[in-house]
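Asks: Encoded as structure tokens, here's the structure I'll be asking about.
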Amino acid sequence: MLRKILAVMTILVACGVLLVVPAASQDGSGVITQANPRGTSGIGALNPLLCDNPDCQRLVDLLFPMLFAVDPANGVIVGAAPENNGLVLEPGSPQGTIQTFRLRDDLTWSDGVPITAYDVFYTYLAITSDWVSSSFHNHINSRISGAQVIDDTTIAFAFNMPGCQTLNRANFPILPSRIFDPDFDAFVDSFGAQDDEPRPYVDWLEAYPQQKFGVISSHAFNNEPFPTAGLFDFDEVRPMQDIRLIAEDGAQAFIYTDLPPGMSAVQYFLASGTNILINPPYENRDDLKNAEDVQIAEYPGTVWNFIAFNTADPLEPKNAYDEDGEWVDQGHHPLFGDPRVRRALQMAIDVDQLIEVALLGYGTPLAANQPSQSWAFNPDLQPVGYDPRTAERLLEESGWKDVNRDGVRECRGCLYAKQDTQLYINLMVMDGQGRVLAADVIARQLRPLGVYINLNVMDDNSVLSEARQQRYDAYLGGWTQPYTDDPDQTNIFTRTGDIIGLSDNTGSYTNETVETLMEQARTLPGCDTAARAEIYHEIQTILQEDQPYIWLYSANDMFVADGGVLGFDPRPGRPFWNIRDWIVVK
């Protein structure tokens, strides 16, 4: 069946008014259908604490409430309301260590039981427990040190280093505590009744032994979650067929279907087997654009790619601060201690060509450290641009010359390397996102400039593990910055994050102005988004000039829907934000 692209994503219904009706209540199928590339047997846990891949994540996002609601337009924390699945009514902005939150009382689990502060507290303890392997563990442990249930709809948290970024990064999905421990509410009331402030979680885990949380990892809830309380409710898993979700009225609403043998997700979509397609392969995107009756939205993605430089002495890595809190001189990397060399390499790389080769054109060049979907993005800052002649001049000025005409530059009066050291770079590369192809192109682009690149391709975790030891030259990688995250990057670009083996300022980059601005933005009274954005704009300008990274590109996301899905209006990183308002007419 041929389809037609809609060039404009605004869908006009009834003379321009979008009907707000649940997808499952219309004439026609009324069902949103998406391919499950892993199949029902491989999707993993449908428990939001245990889900570890984007395919199960797509479902748990639809099935479970979150502690804090997030504005789909900009990722800012907002109060709970009928149109979202957040619990906290007035989140505010944490300016003190202990914060008390009031929860909504109008949201129930799918079996009719109210969601309470006990559910929130149980989930928090489960995340902090060593018996639950959750992707939320490190985030929550590093930001929340204790909690206290005050009553059914009130809970208090003790925050570590509260700031404007705290609520975004302390957000987590909520489980129904009684499913795992029917006596949990009574335990909390008996143990914490006399508390005046939140107890540290270690106190709770001593009274409520961690091993009790072991039941979570093998519970039947993980495969067939009931009850739920998200945008939709869980219905059933049909092995080797599909996973089904229902709307509040019990009508079928969302089907996550296994692919027929021998068919790709794109082929099945074009054959009308599904009506939604998320991030199809780059090689299929042109065909989808040329098909009939198809709606397409394309945005710069949430992953921004870069080359990180080690600016410090790789032979003697040190933490930024000693045991007394005094700053420790980091020395200089023989190649990248000189910012002129870093800038030359940025200008010698044709990012547009990288995007064309690695992403088949589906990418957006970066100007600095914020992706364009972030509210902190500086729209006035343009990418550095490709300028190999200036790059060559900078290398010459910085004392890197090819005197012996062997095609590789040597140190002849450079700042930090020994005389005759060759401009030879060991570049670690994270696989995925077309980075291996991009790295090959970069090596070819730099070769005529007298720069030799040795590539070492590894998985993401291995690259980060090596980089955190701070003995490397450079690495090509990507940071994911979901729309739900705060733009604070203190851990990446300040000395706070320069801790060997642990933190992400692996290149020991130091700029006191950046550190001052980061702290201002993080702790701004009231956390006004516009005022914080102005500070982040200034930071981006400085980071572009300093070049602790080579700024490369964001791979573009593509969201595709059948023409019969009315109300399809994806936001960057949030294709299903208004899914309950979709109308499926065919």
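The values are calculated or read from the model by the stated rules, or taken from the named source; none is laboratory data. Just so you know, these numbers come straight off a predicted model, no measurement behind them. FYI the Cβ positions are ideal-geometry reconstructions off the backbone, even for glycines, and counts take in every protein chain you see.
Asks: So Leu50 ticks every box in (1) outside the structural domain of Asp151 (by TED's automatic domain parsing); (2) more than 27 Å from Ser218 (Cβ to Cβ); (3) modelled with pLDDT of 95 or more but one. Which box is left unticked?
Replies: (2)
Asks: Out of (1) buried (at least 22 other Cβ atoms within 10 Å of the Cβ); (2) over 26 Å from Tyr299 (Cβ atoms), what's the single condition that is false for Glu248?
Replies: (1) is the only condition that Glu248 fails.
Asks: I'd like the residue in the stretch 491-502 that is in contact (Cβ under 8 Å) with a residue 40 or more places away in the chain and β-branched (Val, Ile, Thr) and, out of all such residues, is surrounded by the fewest Cβ atoms within 10 Å (Cβ to Cβ).
Replies: Ile500
A quick yes/no check of all residues on (1) of a type in the set (Val, Ile, Thr); (2) within 31 Å of the chain's Cα centre (by Cα); (3) farther than 30 Å from Ile579 by Cβ:
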{"residue": "Leu167", "(1), (2), (3)": "no, yes, no"}
{"residue": "Phe180", "(1), (2), (3)": "no, yes, no"}
{"residue": "Phe187", "(1), (2), (3)": "no, no, yes"}
{"residue": "Ser218", "(1), (2), (3)": "no, yes, yes"}
{"residue": "Phe226", "(1), (2), (3)": "no, yes, no"}
{"residue": "Phe232", "(1), (2), (3)": "no, yes, no"}
{"residue": "Val237", "(1), (2), (3)": "yes, yes, no"}
{"residue": "Met240", "(1), (2), (3)": "no, yes, no"}
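Asks: Give me the residue from the stretch 331-351 that is under 32 Å from the mean Cα position of the chain (by Cα) and part of a loop (DSSP other than H, G, I, E, B) and, out of that set, nearest to Glu392 (Cα to Cα).
Replies: Ile349
Asks: Then there is this: Just need a number here: residues in the stretch 293-330 that are farther than 16 Å from Gln267 by Cβ and not in a loop (DSSP other than H, G, I, E, B).
Replies: Selection size over the stretch 293-330: 18.
Asks: Write out, first by first residue and then by second, each pair whose Cβ atoms fall under 8 Å of each other, whose residues are 6+ apart or on separate chains, and whose first residue, in the stretch 547-571, is at positive phi while the second is not aliphatic (A, V, I, L, M).
Replies: As it stands, the answer is Gln547/Phe309; Gln547/Pro339; Gln547/Arg342; Gln547/Arg343; Gln547/Gln346; Gly567/Asn578; Gly567/Asp581; Gly567/Trp582, since those pairs meet every condition given.
Asks: Sticking with this one: When the stretch 406-455 is examined, which residues are found to be touching a helix residue (DSSP H, G or I) at 6+ places or on another chain (Cβ under 6 Å) and at pLDDT below 95?
Replies: Within the stretch 406-455, just Gly434 meets the criteria.
Asks: Would you confirm, using the coordinates I've provided, whether Thr302 is at pLDDT 95 or above and of a type in the set (Ser, Thr, Tyr)?
Replies: In short, no.
Asks: Here is a further query. Strands (runs of 3 or more DSSP E) wholly in the stretch 93-189 with at least 2 residues that are farther than 27 Å from Phe226 by Cα and of a type in the set (S, T, N, Q) - which ones?
Replies: 98-102
Asks: Pick from the stretch 52-77 the residues that are in a loop (DSSP other than H, G, I, E, B) and in contact with a Phe, Trp or Tyr (Cβ under 8 Å, 6 or more places away or on another chain): which of them is farthest from Thr480 (Cα to Cα)?
Replies: Going through the qualifying residues, I end up with Leu67.
Asks: Looking at the stretch 432-466, which of its residues are over 25 Å from Arg409 (Cα atoms) and not acidic (Asp, Glu)?
Replies: Those that are over 25 Å from Arg409 (Cα atoms) and not acidic (Asp, Glu): Gly432, Gln433, Gly434, Arg435, Met458, Asn461, Ser462, Val463, Leu464, Ser465.
Asks: Within the stretch 86-93, does at least one residue satisfy the condition of being under 18 Å from Cys527 (Cα atoms) and of a type in the set (A, V, I, L, M, F, W, C)?
Replies: Yes: the stretch 86-93 contains one or more residues that are under 18 Å from Cys527 (Cα atoms) and of a type in the set (A, V, I, L, M, F, W, C).
Asks: If you don't mind, there's one more thing I want to ask. Residues Asp313, Asp324: which one is more than 30 Å from Ile453 (Cβ to Cβ) and assigned by TED's automatic domain parsing to the domain that holds Ala467?
Replies: One residue alone meets the criteria, Asp324.
Asks: Of the numbered conditions (1) out of contact with any Leu (no Cβ under 9 Å at 6 or more places or on another chain); (2) buried (at least 21 other Cβ atoms within 10 Å of the Cβ); (3) without any contact (Cβ under 8 Å) to a residue 40 or more places away in the chain, Val463 satisfies every one except a single condition; which is it?
Replies: Every condition holds for Val463 apart from (1).
Asks: Going through Asn284, Asn305 one at a time, which residue ends up being within 30 Å of Arg468 (Cβ to Cβ) and either touching a Leu at 6+ places or on another chain (Cβ under 8 Å) or of a type outside the set (Asp, Glu) (or both)?
Replies: Within the list Asn284, Asn305, the selection yields Asn305.
Asks: Then there's this: Specify which of the listed residues (Asp71, Asp111, Asp61, Asp106) is at pLDDT 90 or above, in contact with a strand residue (DSSP E or B) (Cβ under 6 Å, 6 or more places away or on another chain), of a type in the set (D, E, K, R) and more than 19 Å from Val215 (Cβ to Cβ).
Replies: Being at pLDDT 90 or above, in contact with a strand residue (DSSP E or B) (Cβ under 6 Å, 6 or more places away or on another chain), of a type in the set (D, E, K, R) and more than 19 Å from Val215 (Cβ to Cβ) holds for just one of Asp71, Asp111, Asp61, Asp106, which is Asp71.
Asks: Could you check Thr274 against (1) under 28 Å from Ala467 (Cα atoms); (2) part of a loop (DSSP other than H, G, I, E, B); (3) not aromatic (Phe, Trp, Tyr) and say which number it fails?
Replies: (1)
Asks: OK, next. Quickly run through the stretch 237-271 and pick out the residues that are assigned to a loop (DSSP other than H, G, I, E, B) and either on the phi > 0 side of the Ramachandran plot or touching a helix residue (DSSP H, G or I) at 6+ places or on another chain (Cβ under 9 Å) (or both).
Replies: Listed by number, the residues that qualify are Met240, Ala247, Glu248, Asp249, Gly250, Ala251, Leu259, Pro260, Gly262, Ser264.
Asks: What's the number of the only condition in (1) at pLDDT below 95; (2) in contact with a strand residue (DSSP E or B) (Cβ under 7 Å, 6 or more places away or on another chain) that Glu323 fails to meet?
Replies: (2)
Asks: Leu49 is checked against (1) closer than 13 Å to Phe172 by Cβ; (2) in a helix (DSSP H, G or I) and fails just one. What number does that condition carry?
Replies: (2)
Asks: Can you name the condition, by its number, that Cys414 falls short on among (1) in a loop (DSSP other than H, G, I, E, B); (2) surrounded by fewer than 17 Cβ atoms within 10 Å (Cβ to Cβ)?
Replies: (2)
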